[in-house]
Amino acid sequence: MKVLVFVENNNGKATKAGLEAISYAKSLGAEVTAFMIGDVQADGGVGECGAQTLKVQAGNCDSRAMAKLIAQEAKDGGYNLLVASHDNLGKEIMPRVAIMNGYTLISGVTELANVANGCMVKRNVFSGKAIAEVASKSTISILTVLPNSFGVKKVGGTAAIVAMSATCEPSQVKLVEVKGNHGDAGVPLPEADLVVSAGRGMKGPENWGMVEELASILGAATACSRPVSDIGWRPHHEHVGQTGIAIRPNLYIAIGISGAIQHLAGVNGSKVIVVINKDPEAPFFKAADYGIVGDAFEVLPRLIEAAKHFTANK
Amino acid sequence: MKILVCVSKVPDTTAKIAFSNPTIYDESGVTFIINPYDEWYALVRALELKETLGGSVVVASVGGADYEPIIRKALAIGADEGVRIDAAEKDAFSVATEIASYAKDQSFDLVLCGKETIQYNGGIVPGLIAEMLSLPYVAGASKLDVDGNVVKLEREIATGIEVFESTLPMVVSAAKGMAEQRIPNMRGIMAARTKPLATIASANATEQSEVLQFSMPPAKSGCKMIAPEDAASLIQLLHEEAKVI
Ligand SMILES: Cc1cc2nc3c(=O)[nH]c(=O)nc-3n(C[C@H](O)[C@H](O)[C@H](O)COP(=O)(O)OP(=O)(O)OC[C@H]3O[C@@H](n4cnc5c(N)ncnc54)[C@H](O)[C@@H]3O)c2cc1C
Ligand SMILES: Nc1ncnc2c1ncn2[C@@H]1O[C@H](COP(=O)(O)O)[C@@H](O)[C@H]1O
């Protein structure tokens, strides 16, 4: 089976989501060809995750022009399946490729597809509260992988680089600028493996020092519940949940968050959930792996001490 | 400016999720709402643009008669006209095909969708529509401004904010930040009763995928409780037992 994986280029290297898409394709037992656009340093890191070949198309173009390049390669290369990440770029490009080439697109998949006979795959529905098994009706399908659902698996190796010589069509959408960092030097939330999150139980923005301290010791990103970002205690980009961003870290520590269903919808894909809440009846405990019933203002300092001790002895 | 807002109907965010057979969502006792991304962000921003630039806002849905209260609510919030395309929501491809075949000769300047539905979480209907209509598309925008023919968009990413520029006509899917929720007032609700709501025939779009079965995620094996005095032991457990740090 031949699989073409579109990998987003971040300053010459594959994004983490792109590597995850490669790992996904490799785990299907496929012969994996990665496709990157722009200037790529060496093999961009794709070989290490199992891509045999990296096709590089020079140029700088918008997602529609990218879709044309990918659709052409998909036709020329005789692939059985296309894979990409279900991130912004994947959502812009893959629907177009699906229409251009008449393939079926199944988005946001969370598990390895069954490709023995057609293509059947599981994806989250109802904001993670249920799972749907979906079957494609066409011979060639496109799967976009939900970020952080599969993980990057390094198998070692380097990809053979093939320079492509197509011409990019003119862009209709222009990226004018990227307004700098959200200000925090820490780990970007959607990519974080560890997340420390807090809610209204923290009483006010002045108390976030402890939350940030615990996060920085653990090397975690910070997040918050919706009311906390709505009232301006924390920036909007930290808001997780049904109407904020959905995350799937290895560890989610929720402090003073009640666990409303809309909040859970954005975090229930986390592998391990820790809940710290002074109310033993808080619904979040039902979704938790570890729980502490207690006052955050007493529990957090103890955790910070223990985390310091742990990292110092690691 | 003529704006199309695509709105879908989803179970209320607190609705219980159950299936009456492996492929059918059990709707008994469930209240339906407009998909939050469609209502709070796409529709409200469309209304704001109309209020400053003039024009009209059409809301369109693909679905059965049970969609009418949803469209009426969008009219109560302020849309001028509703369109229900009388077709089943078979999959993203069929929905997009129905919308594109309705929109193709309506010369909309802007097609606004939500970033995804909270029911299917597909996030691809707007991209499919964009390609079917050969229009530029930006996914998940948190800010949208129109200046003459030029559209300025912002999108929040992990490390900052991307700023895009494109031209009308185009398709945009809306994320949090684009607008603030509006609660319909009595006048809006009254006015909505007499606003036009047309039912148009399906283009008989086919689907490309099918749901074989729904299932529930595996239940958590139970929560291990730690006494607050022993909070420090949590770090050890996360390292040795859960192996996440
Ligand atoms: C359509 C819709 C969409 C929504 N989308 C989202 C979303 O995306 N994300 C989201 O988060 N919410 C969302 N909400 C809101 C959600 O329903 C809840 O209101 C919200 O998550 C509650 O936030 P919270 O847990 O921080 O606050 P609260 O519900 O006020 O809970 C605070 C918690 O802190 C605990 N506490 C108080 N003091 C302490 C202390 N000293 N130590 C320890 N614990 C303490 C309390 O026991 C309580 O459990 C949405 C709501 C709707 C209707
Ligand atoms: N049945 C429908 N009728 C109208 N618009 C829809 C319908 N389904 C989806 N959409 C639009 O497409 C967006 C993304 O949907 P989805 O790709 O299903 O997550 C939604 O936020 C709506 O704006």
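From (1) more than 8 Å from every other protein chain (Cβ to nearest Cβ); (2) more than 8 Å from ligand 2 (Cβ to nearest atom); (3) in contact with a Pro (Cβ under 7 Å, 6 or more places away or on another chain), pick out the condition that doesn't hold for B:I118. Here B:I118 clears every test but (1).
Residues of segment A:252-294 that are within 12 Å of ligand 1 (Cβ to nearest atom) and among the aromatic types (F, W, Y): A:F284, A:F285. Considering segment B:168-245, the qualifying strands (runs of 3 or more DSSP E), each wholly inside and each with 3 or more residues that are closer than 30 Å to B:L112 by Cα and modelled with pLDDT of 95 or more, run over B:170-174, B:197-201, B:209-215. Note on segment B:69-155: enclosed strands (runs of 3 or more DSSP E) holding 1 or more residues that are over 30 Å from A:V176 (Cα atoms) are B:81-86.
Selection over segment A:1-48 of residues that are open to solvent by less than 10 Å² (accessible area, probe 1.4 Å) and in a helix (DSSP H, G or I) gives a count of 8.
Within segment A:279-300, the set of residues being touching a helix residue (DSSP H, G or I) at 6+ places or on another chain (Cβ under 7 Å) and more than 9 Å from every other protein chain (Cβ to nearest Cβ) comprises just one member, A:A296. Would segment B:28-51 turn up any residue that is outside any helix (DSSP H, G or I) and aromatic (F, W, Y)? Within segment B:28-51, one or more residues are outside any helix (DSSP H, G or I) and aromatic (F, W, Y). Please verify whether segment B:153-173 includes one or more residues that are within 16 Å of ligand 1 (Cβ to nearest atom) and open to solvent by 10 Å² or more (accessible area, probe 1.4 Å). Scanning segment B:153-173 turns up at least one residue that is within 16 Å of ligand 1 (Cβ to nearest atom) and open to solvent by 10 Å² or more (accessible area, probe 1.4 Å). Of all residue pairs spaced 6 or more apart or on separate chains, those with beta-carbon atoms under 6 Å, a first member in segment B:60-88 that is at pLDDT 95 or above and more than 16 Å from ligand 1 (Cβ to nearest atom) and a second member that is among the acidic types (D, E) and part of a helix (DSSP H, G or I) are B:V62/B:E98; B:I85/B:E98; B:A87/B:E98. Sort out which residues of segment B:174-197 are surrounded by fewer than 16 Cβ atoms within 10 Å (Cβ to Cβ) and within 22 Å of B:V125 (Cβ to Cβ), and write them in order of number. B:Q181, the sole residue that qualifies.
Yes/no per residue for (1) open to solvent by 30 Å² or more (accessible area, probe 1.4 Å); (2) touching a Pro at 6+ places or on another chain (Cβ under 9 Å); (3) not small (G, A, S):
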{"site": "A:I217", "(1), (2), (3)": "yes, no, yes"}
{"site": "A:A220", "(1), (2), (3)": "no, yes, no"}
{"site": "A:P227", "(1), (2), (3)": "yes, no, yes"}
{"site": "A:G241", "(1), (2), (3)": "no, no, no"}
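Taken residue by residue, segment A:285-305 has no member that is in contact with an Asp or Glu (Cβ under 8 Å, 6 or more places away or on another chain) and crowded, with 24+ Cβ neighbours inside 10 Å.
Candidates in segment A:73-99 are the residues that are touching an Asp or Glu at 6+ places or on another chain (Cβ under 7 Å) and of a type in the set (A, V, I, L, M, F, W, C); of these, the one that is farthest from the other protein chains (Cβ to nearest Cβ) is A:L89. Being open to solvent by 20 Å² or more (accessible area, probe 1.4 Å) and within 13 Å of ligand 1 (Cβ to nearest atom) is the filter here; which residues of segment B:1-31 pass it? Within segment B:1-31, B:D12, B:T13, B:T14, B:T31 meet the criteria.
Is segment A:104-122 home to any residue that is open to solvent by 10 Å² or more (accessible area, probe 1.4 Å), out of contact with any Leu (no Cβ under 6 Å at 6 or more places or on another chain) and either part of a helix (DSSP H, G or I) or not assigned by TED's automatic domain parsing to the domain that holds A:F35 (or both)? Checked segment A:104-122: no residue is open to solvent by 10 Å² or more (accessible area, probe 1.4 Å), out of contact with any Leu (no Cβ under 6 Å at 6 or more places or on another chain) and either part of a helix (DSSP H, G or I) or not assigned by TED's automatic domain parsing to the domain that holds A:F35 (or both).
The values are calculated or read from the model by the stated rules, or taken from the named source; none is laboratory data. Every value quoted in this text rests on a predicted model; they were computed, and no experiment measured them. For neighbour counting, all protein chains shown are included, and Cβ atoms are generated from backbone atoms with ideal geometry for every residue, glycine included. Accessible surface areas use protein heavy atoms only, side chains included; no ligands, DNA or RNA. Shrake-Rupley method; radii C 1.70, N 1.55, O 1.52, S 1.80 Å.
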